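First up is the structure itself, then whatever we jot down about it.
The values are calculated or read from the model by the stated rules, or taken from the named source; none is laboratory data. No experiment lies behind these values; they were computed from the predicted model shown. Every residue, glycine among them, receives a Cβ derived from its backbone with ideal geometry; neighbour counts consider all protein chains shown.
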Amino acid sequence: MFILPGLVALVTFIYARPLDFVSALRELPLLYVFFFLAALGFLIDLSQSQRKICSKSQLRWVIVFYGWCIFTAGIKYFGSLSTSWLPLTIAISIYVLIALGLSSFKAFEFLAATILACTLWISAVCVHQGMQPLQCIAFLPTADASPGHPDGRPCEIAETCSLNAPEPGADYRCDRVGLFDITSIGNGRVRYIGVLQDPNEAAMTVAIGIPLAFAFFQRKRTAIRFVVAVTAFLLAAITVVMSKSRGGQLVFLAVLAVYFFKRYRWKGLLLAAIIMLPVVAMGGREGEEADSSATERLDNLMVGLLLFAHSPVVGVGMSRFTEYHNLTAHNSYVLAAAELGIIGMVAWLSILFASFKVAYRSLTLITGPESEVARIWGLAMLSALTGLSVGIFFLSFNYHYVFWIYMGMTAALAGAVARRFPHFQADVTRREVGLLTLGGLLLLVLVFVYVKYKLGRG
């Protein structure tokens, strides 16, 4: 598989961001270099017919979604297309490379191991960061996108840092400084860098990596894989606690709930909730900060719903939400409707649903010992997708690299299963598209009722 070296390097680059640790790498266009290597490897494999295309329905919806995004960005305001098309194109291209480039379970597991290694690294960095003492961090007004300069002074609140400050003209924050000078945010909320610099996104990403560790242990029950699985679980749990992410807590619960429900049915959900109690007790935000964040998110949702009501067919255009509001929607379902209208929302929901269908059918519709690998990875992807779907209810994740990597992984799983079991199918039917349309609209109505109720009480 010639695609694997470039694809592994590309995914590692997106997750781990090595250029932010080594200054010499910042001048190199590594994203495009690795993408080119992966694309070249894909073309070589394609010439040798080393791939199996499956989940064609999902691929068609991806094409529709991409085309509609470009259309809405251009028709609403052509200038926005110049800044939004490239990140989306890269994300969709990564999806295509993963979906069509991994033609076997061996290749699928190789990339899954890469993603797991990256999430272990990210969670380890976050945990180390969360164990450091709070200190003053200076942000100079003349520095562009500066990560801040820790000055070593201990603190409890930011106001302390302004007293006798060595940089009088700087803005100060009181936070933790971890490996490679990666700082926390919000008075100690751990995070990573790059596309995962938001604590909520970092928490969700490491939580949905847990099923990958579980799957590798189920594939081969060795002591090393058991240690990796336990380590992944503990690091993710601690990261969620230290991130103080309420959404991350729900993602963690959702991931566990799928496994426990598969094993113990409804009793398993109770067991998952019990295991979650320490994470809930130690994590999350309280007080005025939490109330302010909740009110802010309600305002974001209301703006998104009003934008959809104003332009229900084509929306306000891809990546144009912040032109109408100072913040994004912080809800992928509302954001899809607001920016892309009902057509874009249905296309995006169909892509997500197709991934669920692949995972579920891999788990349930294949029997016999020869299909154990399909069942194991079907359960793992079903768990990860459940956590992802919960997490993006509180995040604007429609165009995020991590989202499209997981969509590509489920499409690759479909191809690997179909290669071994030619009868395997997981296409989205017209009836299901109709149900998704009604379900999406119903969700928007329920969100509107909830937001109106909460804002009315406030």
Among (1) surrounded by fewer than 20 Cβ atoms within 10 Å (Cβ to Cβ); (2) at pLDDT below 95, the one test that Ala416 misses: (1)
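Give me a count of the residues in the range 90-107 that are of a type in the set (Ser, Thr, Tyr) and more than 17 Å from Trp61 (Cβ to Cβ). Full working, then the answer.
Just the residues of the range 90-107 that are of a type in the set (Ser, Thr, Tyr), to begin with: 93, 95, 103-104.
Narrowing further to those that are more than 17 Å from Trp61 (Cβ to Cβ): 103-104.
Total satisfying the criteria: 2.
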Residues that are surrounded by fewer than 17 Cβ atoms within 10 Å (Cβ to Cβ), over 15 Å from Met345 (Cβ atoms), modelled with pLDDT of 90 or more and among the aliphatic types (A, V, I, L, M), drawn from the range 419-458: Val449
Out of Ala223, Ala215, Ala232, Ala202, sole residue that is more than 19 Å from Tyr15 (Cβ to Cβ), at pLDDT 95 or above and small (Gly, Ala, Ser): Ala223
Residue selected from the range 320-351 under the condition of a type in the set (A, V, I, L, M, F, W, C) and at pLDDT below 95, by the criterion surrounded by the most Cβ atoms within 10 Å (Cβ to Cβ): Ala329
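Could you identify the single residue in Gly317, Gly304, Gly284, Gly268 that is at pLDDT below 75 and either part of a helix (DSSP H, G or I) or over 28 Å from Asn187 (Cβ atoms) (or both)?
Values: Gly317 fails: at pLDDT below 75; Gly304 fails: at pLDDT below 75; Gly284 fails: either part of a helix (DSSP H, G or I) or over 28 Å from Asn187 (Cβ atoms) (or both).
Going through Gly317, Gly304, Gly284, Gly268 in turn, just one is at pLDDT below 75 and either part of a helix (DSSP H, G or I) or over 28 Å from Asn187 (Cβ atoms) (or both): Gly268.
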Pairs, first closer than 18 Å to Leu385 by Cβ in the range 408-424, second aromatic (Phe, Trp, Tyr) and buried (at least 24 other Cβ atoms within 10 Å of the Cβ), C-beta under 9 Å, six or more apart: Gly408/Tyr95; Ala411/Tyr95; Leu413/Trp377; Ala416/Trp377; Val417/Trp377
Every residue from the range 384-401 that is touching a helix residue (DSSP H, G or I) at 6+ places or on another chain (Cβ under 6 Å), surrounded by fewer than 24 Cβ atoms within 10 Å (Cβ to Cβ) and part of a helix (DSSP H, G or I): Thr386, Val390, Tyr401
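For every residue, the table says whether it meets (1) assigned to a loop (DSSP other than H, G, I, E, B); (2) surrounded by fewer than 23 Cβ atoms within 10 Å (Cβ to Cβ); (3) in contact with a Lys or Arg (Cβ under 7 Å, 6 or more places away or on another chain).
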| site | (1), (2), (3) |
| --- | --- |
| Val96 | no, yes, no |
| Leu100 | no, yes, yes |
| Ala107 | no, yes, no |
| Ala112 | no, no, no |
| Leu120 | no, yes, no |
| His128 | no, yes, no |
| Gln132 | yes, yes, yes |
| Ile137 | no, no, yes |
Filtered residues of the range 159-174 (kept if crowded, with 16+ Cβ neighbours inside 10 Å, over 9 Å from Cys136 (Cβ atoms) and at pLDDT 85 or above): none
Selection count, the range 353-381, where residues are crowded, with 24+ Cβ neighbours inside 10 Å and closer than 18 Å to Val428 by Cβ: 7
Ala170 under 29 Å from Ile405 (Cβ atoms), touching a Leu at 6+ places or on another chain (Cβ under 7 Å) and aliphatic (A, V, I, L, M): no
Selection within the range 64-90 - at pLDDT 95 or above and closer than 14 Å to Trp404 by Cα: Phe65, Tyr66
Single unsatisfied condition, Arg189 versus (1) under 21 Å from the mean Cα position of the chain (by Cα); (2) free of Cβ contacts under 8 Å to residues at least 12 places away in the same chain: (2)
